[in-house]
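Structure, as structure tokens:
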Amino acid sequence: MASTDEFCGIDPEEMGRLASSLRGAADRLTAFSREFDGRLRQYGINAPELREIADIADWGGEQVSMLNRRVGLINELGAGAPELNSVGGSSSLVRFPADLEALETARGLATMYGKDVFVNFEGDFQAELIHEHADEVAALAKNPQAAAAFYALLSPKIRDTLPGLIAATGSKTARQDLAAFSKALGAALRAPALVPAFARVKADLTKPAGSKAAAWQRLALLKGAGAPTDVRSATARSLVLDDFVKNPRQDWRAGVPAETKAYGLPSDVVALGLEVLTGDGAAVRDAFAEMGGTEVKPAQVEKMKRFLDYAKGAGTGDEVADAFGRAMEAGTEAKTEKPGQHSPEAGAFALDVMRATGSFGDGLPAVARDSMVAIATSYIHEVTSGARFDKAVDRTSGMKTPENWTALPGVTPVFYLSPGDTHRFLKTFVGDERLTGDFDAAAARFRYDTLTAAGRLDAKSDENRFERISKMFGDLAGIEFKAALDVRGERDATDDLIRDITKNTLSLGIDRLPVVGGAVEAGWELTKAYGVSTLLDNWADSFETRVEKATGVRSDFVLRQKYDMAHILHEAGYPASDPPVDLVSKSTGGLKTYDELLAEAKGEASDDKTWEQALREKLIPYERWMDANDSLDTKVEDSSRFQTSEQAKESLGIWG
């Protein structure tokens with residue numbers, strides 16, 4: 001095929017005249033060869049050259065048939081093409097793909113399906129015929145212009161009911177067969193506009209269908225097409241979403257059981273409209289920005305809420321909520337952009353998603369919560385900075401940097417959440433321990449990376465970055481645990497935290513050290529635990545007792561936090577004298593962690609010495625080493641104290 005930037009023009013009128021001229025010439029040659037062959041035979045003369053002339057005439061006749069077929073094809077596919085002005089005036093010359101044989105193949109398939117398979121057969125045999133040639137339809141995607149020709153020539157009635165027609169046969173390969181038609185349609189929609197008649201098809205797809213059932217059929221075909229952004233947005237809006245935003249309180253079920261089962265698609269046309277957008281963040285953002293047109297006044301956040309309100313009240317609510325969540329994932333680019341490096345467009349959309357879903361808190365439909373965690377982990381910079389109480393505590397959520405805000409190294413939010421919006425958004429998923437674990441893993445890694453980076457910077461020029469970041473994570477831990485308390489209740493939330501601490505920290509041996517390697521999560525679990533006593537009020541006195549009962553050992557969280565901070569700072573290169581030999585780990589060559597010392601103490605315990613006594617002896621040189629390095633010692637004390645979460649609890653009462 002000629003490349004799209006080259007001109008390939010065909011004049012069907014001239015081609016028709018050429019065919020007529022060739023027909024006349026072939027006829028004259030045939031007549032000539034017959035006449036002279038007859039005369040020469042009378043005299044016993046054999047002239048093989050006349051046979052060659054007859055063959056040329058036969059060839060000419062074949063070419064005439066081919067040209068006439070192509071004239072018909074060009075007239076069909078060129079419908080609607082503007083005439084191009086030539087030097088001598090107007091001309092019927094139109095730009096066209098050069099590979100006309102592929103277009104003829106497409107016409108053959110369109111004729112076969114539109115005038116035979118879907119018209120003259122039914123049942124199992126029809127299903128066999130549909131499937132037998134489905135691969136040929138899918139193969140059209142390799143030649144997008146041929147795919148465009150196929151849909152331009154396929155009956156609109158057949159095209160708009162393909163999902164229903166295929167499913168009605170009871171075919172066991174219905175999903176595979178519809179995917180073949182969708183694949184070809186997607187290729188056609190992405191192709192340069194060289195088949196003029198396909199413009200009508202594209203225009204039809206982006207117009208209202210006239211009924212919910214008809215809209216469902218079109219959306220089902222488009223679902224697997226991978227259509228361009230503008231087509232996804234336009235079709236989803238025109239077929240359902242514009243009407244939904246204007247009048248959501250109605251029955252939006254449209255897919256019949258046989259069709260929804262065959263294709264694994266939702267019966268709710270609203271859910272299916274969102275499904276078409278899913279996977280294309282730009283299409284999601286465009287659709288929600290323009291949804292409803294100029295007639296709809298609500299802002300984007302309110303539009304999002306309408307979907308969730310509908311999902312909570314409709315019988316097909318789970319279908320809608322699930323599709324909504326995945327569409328929000330796409331619109332925020334949660335899986336396509338890196339945390340801390342989100343584009344302003346995706347960030348602005350994510351801010352609205354958090355505000356909209358956060359207004360539902362733990363009332364958000366359960367099937368949408370996975371998507372909220374995906375967004376939260378991708379936007380860990382924004383969620384973490386949203387928990388800060390040290391600056392601009394009275395801020396409102398927005399894209400602009402709050403007044404008097406102090407940026408922290410390694411924390412690069414594209415927007416700024418208020419503490420209240422942060423708390424409400426966390427409540428959308430902290431009720432599920434599995435989902436909370438996913439978020440905590442991201443928070444743990446982010447905490448370790450930013451603290452380490454801050455320690456390195458402060459090692460060169462101490463500006464208390466390490467302490468400020470420690471405080472920020474203390475605030476985040478407090479807000480997260482407060483959200484868990486609100487959603488799950490005190491005992492349930494605390495029991496889970498105790499289990500995590502028992503699993504991730506107190507049971508660690510020398511081969512698994514907290515805050516490094518695969519045990520980074522331990523540092524975050526401890527950070528949450530340090531603030532628990534300040535959040536739980538009456539529960540505070542019994543918290544450590546319950547941990548001790550679960551583990552059979554005494555625990556001092558503040559002590560553990562202190563040594564964890566010292567370890568991170570030392571590993572980051574913060575200035576200090578070399579630690580004593582007995583504080584250097586044989587396995588890592590660096591400063592021993594608290595858990596390594598604890599494991600050694602337990603190994604040295606005997607009838608004459610408890611492990612607590614052994615641990616104390618090991619911590620004495622640790623304390624003396626820190627005391628001898630006043631700057632490090634002060635930084636460790638401050639940073640460990642800053643990670644308590646009492647302020648988060650108290651401040652949320654005012655600023656939440």
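Using a cutoff of 8 angstrom between alpha carbon atoms and counting only pairs six or more residues apart, the relative contact order for segment 585-634 works out to 23 percent. If you roll a 1.4 Å probe over segment 276-359 with all protein chains in place, what percent of the accessible area is carbon or sulfur? Looking at segment 276-359 in its full context, I get 45 percent from C and S. Any idea what diffusion coefficient segment 231-371 gets from Stokes-Einstein, in µm²/s, Kirkwood Rh on alpha carbon pairs, 10 °C, 1.306 mPa s? Translational diffusion coefficient: 105 µm²/s. A 1.4 Å probe, protein heavy atoms only, puts the accessible area of S233 near 0 Å². Quantify, in whole percent, the carbon and sulfur part of the accessible surface of segment 141-271 (1.4 Å probe; protein heavy atoms only). The nonpolar share, carbon plus sulfur, comes to 53 percent. Pull out a ≥ b ≥ c, the square roots of the eigenvalues of the alpha-carbon gyration tensor of segment 296-451, then state rounded if a/c is under 1.5, prolate if not and a/b is larger than b/c, and oblate in the remaining case. Judged from the Cα gyration tensor, segment 296-451 comes out prolate (a/c at least 1.5, a/b above b/c). Taking label positions 7 Å along the Cα-Cβ direction at both K586 and D135, the computed distance is 6.5 nm, reported to one decimal. Taking a ≥ b ≥ c as the square roots of the eigenvalues of the alpha-carbon gyration tensor, segment 117-239 is classed oblate because a/c is 1.5 or more while a/b is no larger than b/c.
Of the residues D633, D449, the one with the largest accessible area comes first in the ranking D449, D633, computed with a 1.4 Å probe on protein heavy atoms. Placing R0 at 30 angstrom, the Cβ-Cβ distance between T294 and D230 gives a FRET efficiency of 0.95 after rounding to 0.05. Is any residue of segment 407-431 close enough, with backbone N under 18 Å, to a label point placed 7 angstrom from the Cα of M399 along the Cα-Cβ axis, and if so, which? Counting backbone N atoms under 18 Å from the label point, the list is 412-418. With the simple spin-label model, which puts each label point 7 Å out from Cα in the Cβ direction, the R249 to A213 separation comes to 2.7 nm. For the residue pairs K202/K338; K261/K303; K562/K602, the C-alpha atoms sit more than 25 angstrom apart in K202/K338; K261/K303.
Taking all protein chains into account, the per residue accessible area for segment 256-399 stands at 35 Å² (1.4 Å probe).
The values are calculated or read from the model by the stated rules, or taken from the named source; none is laboratory data. These figures come from a predicted structure and were not determined experimentally. Neighbour counts run over all protein chains shown; Cβ positions are idealised from the backbone, glycine included. Quick note on the areas: whole protein, heavy atoms, side chains included, nothing else; ligands and nucleic acids left out. Shrake-Rupley method; radii C 1.70, N 1.55, O 1.52, S 1.80 Å.
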